[in-house]
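Bear in mind that the values in this text are calculations on the coordinates, not laboratory data. Predicted, not measured: the structure shown is a model, and the values here were computed from it. Glycine also receives a Cβ, built like all others from the backbone with ideal geometry; neighbour counts cover every protein chain displayed.
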Amino acid sequence: MSVDGLTKRREAALAIAVSAAASLAVSYMQLTGHAVFACSHEDSVLFVNWVRQVTESMASGVLFPRWMPESHGGYGNPTFIFYPPLVIYLTALINLAIGDLFLSVAVMKVLALFLSGLFMYVFVRDLWGFGPGLASAFVYMLLPFRVFDLYHLGVYASKFAYVWFPLILHFSKKAVVEQRFGAGTAGLAMTYGLQCLTHLLSAYMFTPVLVVFGLIVAGRGKRGLAAARLATGCALGIALSAFYILPVMMERTFVHFDLLVDLDINHYWNNYLFFLFRPRSPLNPPVYGYVARVVIASVLFGVSLYLVLRPLKAHSEGYGSAFFAAVAVVPLFLMSSLSGFVWVLVPGMKMLQYPTRWSAVMIFGLACLVGAGLHGLDVKGSPAGGRTKVLLGFAILLLLLCLCYDLEIMRNGCRLTDKELGGSLRSLDVKEYVPADVSLDWLDREANKNVSDLVSSPDEKDVTAVVKAWGPPKRMFTVNAPHEIVLRVRTFYYPGWKGYIDGVETPLSHERDSGAILVKAPKGEHDVTLTFTDTFDRWVGKVFSALAAFTVLLMIGKV
């Protein structure tokens with residue numbers, strides 16, 4: 001093995017060790033607390049319920065669960081037709097393996113933190129070398145907002161979105177410089193697709209970053225070809241995730257999707273982090289004062305580290321500092337009320353609901369900015385030795401202050417146990433994915449009543465129904481009736497549900513207001529089965545994903 005090869009292996013091993021140590025140090029309370037750390041109660045209840053139900057569905061043999069059977073008092077919900085599935089599914093697989101839901105969640109959080117640092121190292125090392133890569137990874141994991149996200153915020157899938165940001169830019173760079181469509185474009189497709197499956201809104205927010213970065217790297221005269229490469233990579237990434245994205249596009253009118261933007265609490269103008277030259281909205285969450293302090297602290301630490309290190313540089317890092325400073329500053333602007341015109345003019349922005357989502361992109365920009373500050377650092381060659389020592393000492397002091405603030409954030413984190421997350425809340429789910437035929441007034445008033453009443457025929461006293469199986473993908477029961485009757489099943493009707501009587505398919509209808517499935521059964525004793533299956537658009541989405549996967553394999557020379 002060459003000396004260079006050995007050095008690279010040692011550097012990689014050190015990067016892995018640093019990322020692992022930092023992630024474990026920050027997350028040790030998560031691993032040992034047997035609880036979910038979050039101050040947002042409802043968000044935490046939702047993802048815990050989803051993980052639990054997906055785990056049970058997988059245990060029953062459903063490889064790709066879309067229907068959440070216990071939601072809304074047992075009527076169910078097509079949650080994972082609309083919500084990005086990757087993080088919840090991975091957590092459920094870990095839960096299946098170790099049998100501890102809270103520990104599974106903690107392991108996923110540690111994994112997200114570790115991989116985000118490791119992949120940041122890979123990206124920045126490729127740009128500027130080992131030292132900047134290691135520093136950017138460290139900062140990416142330990143800026144105060146990352147720790148705040150782990151211990152205070154109830155959102156879950158977006159924590160894993162940090163993992164893919166560095167790899168997306170890493171492969172964007174490779175895609176625009178390779179001679180033909182190859183591993184770079186394939187890597188961009190895979191990482192962009194994984195981001196879509198992790199957190200679709202994060203993919204939306206990060207797309208302008210990858211486009212601008214790729215065009216800058218390509219340089220003048222090659223930007224047309226670079227744009228084609230980037231477009232191909234992103235399109236393939238969307239195609240890879242088509243089994244999820246296509247049903248979202250085709251079926252959003254089948255549910256109360258409009259609630260995502262129609263409710264006052266979801267309006268972006270009520271959720272700015274900074275209200276400048278206008279009064280604070282009365283609907284602005286009270287916790288946003290604390291969030292703003294953490295965001296400002298993260299910016300101060302990141303920018304100060306860069307400014308302290310910059311005078312020690314022997315040469316410029318080119319486009320790096322300006323680009324990544326913009327990646328950090330633009331999200332700050334978008335989190336303020338000054339950006340209202342952008343939210344109005346840019347298509348899709350209002351779907352973000354909360355401008356604070358941009359903080360993830362900001363943290364990425366700050367971490368890369370620190371790496372840019374270290375690129376070209378020449379401590380030994382600096383003419384002012386005393387000044388150099390002072391600046392390096394100040395940089396170390398900044399890191400220590402950052403770590404102290406991280407510890408304070410960890411100590412103030414909220415701890416939710418099974419007592420707070422279980423009980424009557426086990427059927428809680430979001431309303432925006434409830435089938436459109438269900439009245440939301442009825443949902444609030446009646447859904448959680450008579451939860452043991454699975455199959456009924458309200459107008460018939462001589463009808464008996466015996467439930468044989470009530471699993472996530474299938475409901476089976478035997479009915480005995482003196483004449484033809486209509487049975488009411490405690491399951492919301494949604495496209496994909498099919499009914500069978502004695503093995504022969506029968507049409508289904510639904511009850512007004514409740515949206516409960518209605519099955520017409522003939523006289524006598526019969527076996528009734530309801531199954532949730534793929535519709536045409538879900539099947540087409542899977543075909544697109546399979547074709548895209550084959551194309552990606554061709555690009556990297558595996559087929």
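Do the sum for the chain: with -39,500 (n - 2.57) for every DSSP H run of n ≥ 4, divided by all residues, what is the mean residue ellipticity at 222 nm, to the nearest 500 deg cm²/dmol?
Helix-only estimate at 222 nm: -19000 deg cm²/dmol.
Give the relative contact order (percent, whole number) for segment 455-535; include only Cα pairs under 8 Å separated by 6+ residues. Provide the component values of the computation, followed by the final result.
Numbers: 177 pairs, mean separation 27.9, N = 81.
It comes to 34 percent, rounded to a whole number.
If amide hydrogens are placed 1.01 Å from N in the peptide plane, which non-local residues have theirs closer than 5 Å to the one on LYS520?
LEU487
Taking trypsin sites (Lys or Arg not before Pro) that fall in a DSSP loop and have at most 16 other Cβ atoms within 10 Å as cut points, what is the longest piece of the chain between them?
Result for the longest clean stretch: 1-179.
Residue separation times 0.36 nm, minus the C-alpha to C-alpha distance between LYS8 and ASN480: what's the value?
Length difference between fully extended and current span is 162.7 nm.
With a point put 7 Å past each Cα toward its Cβ, work out how far ARG512 is from VAL211 in nm, to one decimal.
In this crude spin-label approximation the distance works out to 4.8 nm.
Rounded, prolate or oblate, given the Cα gyration tensor of segment 400-451, with a/c below 1.5 counting as rounded?
Verdict is prolate for segment 400-451.
Taking just the C-alpha trace of segment 516-559, give me its Rg and Dmax in Å.
Spelled out, the Cα radius of gyration and Dmax of segment 516-559 are 20.3, 61 Å.
In debye, nearest 20: dipole of the chain around its Cα centre with unit charges on the Cβ of K, R (+) and D, E (-)? Write down the numbers at each step before the final one.
Working: 47 positive and 39 negative charges, 506 e Å.
It comes to approximately 2440 debye.
Return the long-range amide H neighbours of ALA35 (sequence gap of 5 or more, or a different chain), with a cut-off of under 5 Å between placed amide H atoms.
Result for ALA35 returns nothing.
Could you give the length gained by full extension between ASP453 and HIS34, i.e. 0.36 nm per residue of separation minus their alpha carbon distance, to one decimal place?
Roughly 147.4 nm would be gained on extension.
Can you return the lysines within cross-link range of LYS159? Criterion is Cα-Cα under 20 Å, with same-chain partners fewer than 8 residues away left out.
LYS109
In percent, what relative contact order does the chain have, based on Cα pairs under 8 Å that are 6 or more apart in sequence?
Dividing the mean separation by the residue count of the chain yields 19 percent.
Would you work out the charge dipole size for segment 1-130 about its Cα centre, treating the Cβ of every Lys and Arg as +1 and the Cβ of every Asp and Glu as -1, and quote it to the nearest 20 debye?
My answer is approximately 340 debye.
What percent does the relative contact order of segment 150-292 come to when contacts are Cα pairs within less than 8 Å and at least six residues apart?
Values: 145 pairs, mean separation 30.4, N = 143.
In percent, rounded to a whole number, it is 21.
Under 17 Å from the Cα of LYS8, which aspartates and glutamates turn up, not counting those fewer than eight places away in the same chain?
Hits, sequence-local ones excluded: ASP126.
Considering the dipole of the chain built from charges on the beta carbon (Lys and Arg +1, Asp and Glu -1) around the Cα centre, which of SER71, ALA322, LEU392 is farthest to its positive end?
LEU392
What full-extension length gain, to one decimal in nm, is calculated for ARG445 and VAL261 as 0.36 nm per residue of separation minus the Cα-Cα distance?
63.9 nm
Identify, among CYS414, VAL105, ILE216, the residue whose Cα sits farthest towards the positive end of the charge dipole of the chain, taking +1 on the Cβ of Lys and Arg and -1 on the Cβ of Asp and Glu, with the dipole about the Cα centre.
Selected residue: ILE216.
With Cβ to Cβ distances under 10 Å as the rule, what net charge do the other residues near PHE37 carry (K, R +1; D, E -1)?
Charge balance in the 10 Å sphere: +2.
Which value, in debye to the nearest 20, describes the size of the charge dipole of segment 455-535 about its Cα centre when Lys and Arg Cβ atoms bear +1, Asp and Glu Cβ atoms bear -1, and nothing else is charged?
200 debye
Rounded to two decimals, what is the ratio between the C-alpha radius of gyration of the chain and 2.2 N^0.38 Å?
1.08
Name the helices (complete DSSP H segments) of the chain with a Cα length along the long axis of 30 Å or more and a Kyte-Doolittle mean of at least 0.5, or state none.
Long hydrophobic helices here: 3-32, 101-128, 157-177, 288-309, 385-411.
Based solely on C-alpha atoms, express the radius of gyration and the Dmax of segment 33-179 in angstrom.
Rg and Dmax of segment 33-179, Cα atoms, are 17.6, 57 Å.
Run down the lysines and flag those whose C-alpha is under 24 Å from the C-alpha of LYS389, throwing out any fewer than 8 positions away in its chain.
Output for LYS389: LYS313, LYS380.
Put +1 on the Cβ of each Lys and Arg and -1 on the Cβ of each Asp and Glu in the chain; which of ALA21, VAL287, GLY131 then has its Cα farthest toward the positive end of the dipole?
GLY131
Between VAL342 and ALA228, what FRET efficiency comes out of the Förster formula 1/(1 + (r/R0)^6) with R0 = 35 Å and r the beta carbon distance, rounded to 0.05?
0.80
To the nearest 0.05, how large is the calculated FRET efficiency for GLU420 and LYS542 if R₀ is 41 Å and r is the Cβ-Cβ distance? Could you put the intermediate results ahead of the total?
On the way: r = 38 Å, r/R0 = 0.92.
Plugging the Cβ-Cβ distance into 1/(1 + (r/R0)^6) gives 0.60.
Using Cα-only point scatterers and the Debye equation, what is log10 of I(q)/I(0) for segment 455-535 at each q in 0.17 Å⁻¹, rounded to two decimals?
-0.60
Assuming a strict under-17 Å limit between Cα atoms, what lysine pair count do you get for segment 455-535 once near-sequence pairs (fewer than 8 apart, same chain) are dropped?
On the way: LYS461/LYS520; LYS461/LYS523; LYS474/LYS498; LYS498/LYS520.
Summing the qualifying lysine pairs gives 4.
What does the charge count near ILE16 come to, summing +1 for each Lys or Arg and -1 for each Asp or Glu among other residues with Cβ under 15 Å from its Cβ?
Numbers: positive: LYS8, ARG9, ARG10, ARG125; negative: GLU11.
Net charge around ILE16: +3.
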